[in-house]
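The values are calculated or read from the model by the stated rules, or taken from the named source; none is laboratory data. As the structure is a prediction and not an experimental result, all values here were calculated from the model. Cβ placement follows ideal geometry from the backbone for every residue including glycine, while neighbour counts extend to all protein chains displayed.
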Amino acid sequence: MFRSARFKITVWYVLAIMLISLTFSLVIYRAVANDLNQRYVNIENQIKSNFKNLEKIPPVLKNMLQNDLRVAKQRVYFMLLFANGGILVISMLVGYFLAGRTLRPIEEMVEEQNRFISDASHELRTPLAALKTSTEVALRDRKMSAAQARNILEENLEDIGSLEMLSEHLLHLAQYQRGRRVLEFEKMDLAEAARRVHKKITAVADKKNIKIGLDIESVHINADVISMEELIMILLDNALKYTPQKGNITMKVASEGRNSVLSVTDSGEGISQRDIQHIFDRFYRADRSRSKSRVSGFGLGLPVAKKIVELHHGTIRVSSRIGQGSTFTVRIPQA
Ligand code: ADP
């Protein structure tokens with residue numbers, strides 16, 4: 001597909017260049033030919049005025065002059081033809097090269113989209129298959145008690161919940177990437193957003209017996225409130241997911257120079273140096289076999305978080321030590 005597009009673009013480049021070049025050549029040829037004709041007439045007039053008694057220019061001389069004129073015009077014609085031939089070859093080569101460069105980012109984007117679609121469908125297939133199997137097994141079991149059925153329904157509901165989360169993250173990521181999600185930037189207090197998210201997530205933290213400490217001061221940024229809360233939620237949710245029972249989490253909001261800084265520190269399992277460079281990649285989950293079986297997730301939270309931070313002209317960094325915990329730090333310019 002891209003090969004034929006490259007040829008087509010090259011043809012258009014060459015056509016455009018040749019059209020300009022031929023038009024200029026025609027104009028140049030006509031101007032030079034007119035100039036030569038004028039010179040010929042001038043020479044004839046000069047000869048006539050120098051030789052007063054000459055009634056008519058001798059045919060031999062006239063022939064010579066006309067011959068010279070024809071040769072001069074032919075030279076100009078061939079020079080222009082040669083130049084246009086050169087321009088044609090060069091424009092074909094340059095056009096082909098430029099078409100390749102023009103198409104490269106589009107090609108990369110299409111490849112990326114295809115990878116995204118195949119990764120997403122792969123991630124969707126696994127929980128869907130699990131749901132289908134457990135439902136089929138339950139339907140076949142005629143002796144199942146109401147309590148057992150309830151159990152299965154609860155498990156299925158959990159799977160549906162995580163599927164919902166997956167589709168939501170997929171949708172948000174696609175929207176952020178395409179710039180479809182309209183961000184409404186307004187002056188907001190990052191501390192207030194942090195407090196609101198903290199309130200929403202406290203119940204989950206309590207279940208795991210984890211205390212989320214707050215150390216926040218009021219700082220103002222220009223941001224989209226909904227996506228800021230989504231960002232904080234992703235960081236806190238991860239901290240909770242990857243921190244064992246009775247662990248500690250601290251969320252800080254402070255100002256640092258021209259930036260507002262939000263950091264989430266946990267006393268969880270930490271991330272290895274090998275994984276740290278990939279955790280912002282889509283669908284990447286550190287130590288797959290280990291975390292997949294224990295903690296639910298699809299490796300989309302941090303890519304969404306990163307996109308949100310980028311859209312707010314900020315940075316997100318992580319420092320971590322295996323077995324000791326991790327700190328995610330977001331810096332966003334102050335309003
Ligand atoms: P998910 O949590 O759904 O797997 P994320 O994109 O949010 O996806 O995170 C990617 C990976 O980064 C996780 O699978 C996990 O291995 C690692 N990770 C993220 N946050 C933490 C954290 N606070 N502590 C330890 N590992 C983390």
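Of Arg285, Arg258, all but one fail to be within 8 Å of the ligand (Cβ to nearest atom) and either of a type in the set (Val, Ile, Thr) or modelled with pLDDT under 95 (or both); the exception is Arg285. Selection of region 265-275 for residues being more than 8 Å from the ligand (Cβ to nearest atom) and at pLDDT below 95 yields Ser272, Gln273, Arg274. Annotation note: of Met188, Met144, Met109, the sole residue that is under 19 Å from Ile232 (Cα atoms), of a type in the set (A, V, I, L, M, F, W, C) and out of contact with any Ser or Thr (no Cβ under 8 Å at 6 or more places or on another chain) is Met188. Elements of the type strands (runs of 3 or more DSSP E) sitting completely within region 157-271 and holding at least 3 residues that are more than 30 Å from the chain's Cα centre (by Cα) and over 19 Å from Val304 (Cα atoms): these cover 211-216, 248-256. Applying a threshold of 6 Å to beta carbon distances and a minimum spacing of six or more residues, or different chains, the list of pairs starting in region 223-248 at a residue that is at pLDDT below 95 and ending at one that is basic (Lys, Arg) reads Gln245/Lys208. Condition (residue is among the charged types (D, E, K, R), surrounded by 18 or more Cβ atoms within 10 Å (Cβ to Cβ) and under 30 Å from Arg317 (Cβ atoms)) applied to region 168-184: is it met by at least one residue? Yes, because at least one residue in region 168-184 is among the charged types (D, E, K, R), surrounded by 18 or more Cβ atoms within 10 Å (Cβ to Cβ) and under 30 Å from Arg317 (Cβ atoms). Could we say that Ala5 is touching a residue at least 12 places away in the same chain (Cβ under 8 Å) and either surrounded by 15 or more Cβ atoms within 10 Å (Cβ to Cβ) or within 18 Å of Leu103 (Cβ to Cβ) (or both) here? Answer is yes for this residue.
Could you please let me know if Ile308 is buried (at least 21 other Cβ atoms within 10 Å of the Cβ) and away from the ligand (no atom under 11 Å from the Cβ)? Yes: the conditions hold for Ile308. Of the residues contained in region 253-269, none is found to be of a type in the set (S, T, N, Q) and free of Cβ contacts under 8 Å to residues at least 40 places away in the same chain. Among the residues of region 219-242, is any farther than 25 Å from Glu168 by Cβ and either within 15 Å of the ligand (Cβ to nearest atom) or of a type outside the set (S, T, N, Q) (or both)? Yes; the residues of region 219-242 include at least one that is farther than 25 Å from Glu168 by Cβ and either within 15 Å of the ligand (Cβ to nearest atom) or of a type outside the set (S, T, N, Q) (or both).
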